[in-house]
Each structure stands twice: as structure tokens, then as C-alpha cells.
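Below: one structure, written as C-alpha cells.
The values are calculated or read from the model by the stated rules, or taken from the named source; none is laboratory data. Bear in mind the structure is a predicted one, so any value in this text is a computation, not a measurement. Positions of Cβ are backbone-derived with ideal geometry, glycine not excepted, and every protein chain shown enters the neighbour counts.
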Amino acid sequence: MSIVNDYILHLEKAELHLHLEGSVEPETLLELCPGETLEALRARYEYADFLGFLQAYKWVTGLLRTPEDYALITRRLLESLKAQNVRYVELNLSAGVILWRSQSLPHVYEAVRGAAAESGVEVNWIFDAVRQFGHEPAMRVAEFAADFAKDGVVGFGIGGDEVRVPASEFADVFAFARRAGLHLAPHAGETSDAGNVWDVVRLGAERVGHGIRAVEDAELMRHLRDNDIPLEISISSNVATGAVVSLDVHPVRRLFDAGVPIVLNSDDPAMFHTTLTGEYRLAAERFGFSRAEMEEIARNGFAYRF
């Protein structure tokens, strides 16, 4: 193990932007689908753009049929996080997809929460809605999140195709979630522009999933800095989905140097062929983050937890 890898592995870390369903490794899918081959499953984890990723994500969720399936993928993920010295995680559960598939969200949540309790990693949950499903399904997710607010659900988020559906269409959903005591962590500024980041900030976002387009707006970066609103940065994810054209032009360094608070995350680690330690390694080796700066980012993971 290199000195950098060893240092990162031993650094105590937190994950604040991690989708449970996007963490399912092909090897875990093979446990769920023993009739498949590992090679065929791995082939489904390759795509050229964001829409291709969404289709692959939809395919994975289609293989999760029972609460026990969700419990298995939770155990496998937390085994990996524990091995990386991740001490705390806020897991995004695709509650909108679970409801859309007519599965029992309470039963699924009971299963994943039970699996997490056995892990040795401290876990809280964010229920995630899907923009393109529309307003009413998003409100249902927020209502379920409110129901479980005293049982480990700390936040409400919304993901999906932000180009097609503006965040402003969900203003009353955000307001409901906030009144229910939930924290707000929507995706924005990943594949659209800085205006979408402004939209979710004005709706009360306390953290912004991705938010990399903020780099296009100096006033927005100052606002994020002065109001202590962090961006949940996932470098490998942004390259894999085409949100940035290449690793070399990723704005993580520019955002950090502008004083925007950031946390590093793996987002959908299996689907983007990464880990949280891998994201820290990229920050160090490709963007020149010093040990002191990586320690600051690691502290941010705990400081900005919900």
C-alpha cells in the first residue's frame, strides 16, 4: 500500500451523499441473481452519459424485489465502508422508486435499518424523490420521510433529471419537509447550470448534491461560502455521467479555493467504479489537495452531518 493510500485509509471519514441502490456491486447482484454471469452483470455498469446511468440505475433497482434484498445490499455496502474507516454515513434510499414499484416502503426501511444496526457504522437516512415522477409522488416521499423522522430518517432529497424538471415545481414539498423537521439535501447543478443551484438554495437546501455548476457564478460561490452551505462533491460520478467532459476540468479545486465548503462522496460507488477512499486519492493525486486540506474535508463530513 502506498503512503498516500495508507494515510487516506486511516483517515476517519464520513459519507453524506451515497445512494444505497447505486452501491450494489456486480458480485452482490450475483447473490441476488445466481442464474446470471458476473461478466454479464458487469457489462450493465458501463454507459456513456447521464441518461445511460439513469437507465442502469433503474435496471439495478428492478432486481431488488424483497425487503431482504435491500437488507443484503445494505450489509454489503456497510462492510465496505467499515473497511475504509468510514465512521458515519447518511444513506440515500430511493424511496420514490420503491413507491413507484408498488413496494412497501415501511417494510423496506425496516429491513435496511435493521441491517445497518448490525454494521458498526453509524447510519442515518435520507429519503430521495425523483424529479421526473412529478409533484404528487415527491410529496408522498416527503410524507413517508416525516413519518420516520424519529426513527433515523434525517433528511429529504430529490434527484433525477434536473434539466427536464425545475426544483421550483416542488416548493411546497420542500416547505412541508422543512416543517416536519427534516433537513433538505436536493441534487442540483450537476447536469444543468448554476441557476438550478440558486433555485434549491432559495427553497432552503442545507446541502447541495453535486452543485458543481456553482463554479460558473462567482456570486453564487460567495453565497455558499458566506452562508456555510456545502456542496456534496463526487468527482468520479461527474466524469462517468458526462457532467464534466474529463477529470482534468473538474472544478473541485476551484470551488475549494473559492472558499465554498465541500465534502467528498462516492455517490453511486459500484456504478462509478470508485470508493470514498478512491475519491480522496483523486483529490490528492490529481488535484493537489494536501494532507491538511484532506483533513479539513474529512472534518467537513462530520461537521455538516444532519
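Descriptive notes on the structure:
- Selected residue [closer than 25 Å to ASP161 by Cβ and acidic (Asp, Glu)] from GLU90, GLU68, GLU110, GLU79: GLU90
- Looking across segment 74-90, the residues that are touching a strand residue (DSSP E or B) at 6+ places or on another chain (Cβ under 9 Å) and of a type in the set (A, V, I, L, M) come down to LEU77, LEU78, LEU81, VAL86, VAL89.
- Segment 196-213: number of residues that are more than 11 Å from PHE174 (Cβ to Cβ), charged (D, E, K, R) and in contact with a helix residue (DSSP H, G or I) (Cβ under 6 Å, 6 or more places away or on another chain): 1
- Any hit, segment 249-267, residues being under 30 Å from ASP151 (Cβ atoms), free of Cβ contacts under 8 Å to residues at least 60 places away in the same chain, acidic (Asp, Glu) and not in a helix (DSSP H, G or I): no
- Of all the residues in segment 153-184, those that are under 21 Å from LEU224 (Cβ atoms), charged (D, E, K, R) and surrounded by fewer than 24 Cβ atoms within 10 Å (Cβ to Cβ) number 1.
- Segment 1-52 - residue that is assigned to a helix (DSSP H, G or I) and of a type in the set (Gly, Ala, Ser) and, of those, surrounded by the fewest Cβ atoms within 10 Å (Cβ to Cβ): ALA43
- Output for segment 185-204, where each listed residue is aliphatic (A, V, I, L, M) and surrounded by fewer than 24 Cβ atoms within 10 Å (Cβ to Cβ): ALA194, VAL201, LEU203
- Filtered residue count, segment 53-62, keeping only those that are surrounded by 17 or more Cβ atoms within 10 Å (Cβ to Cβ) and either outside any helix (DSSP H, G or I) or among the basic types (Lys, Arg) (or both): 0
- Test: residue in segment 49-61 that is out of contact with any Asp or Glu (no Cβ under 8 Å at 6 or more places or on another chain) and modelled with pLDDT of 95 or more: no
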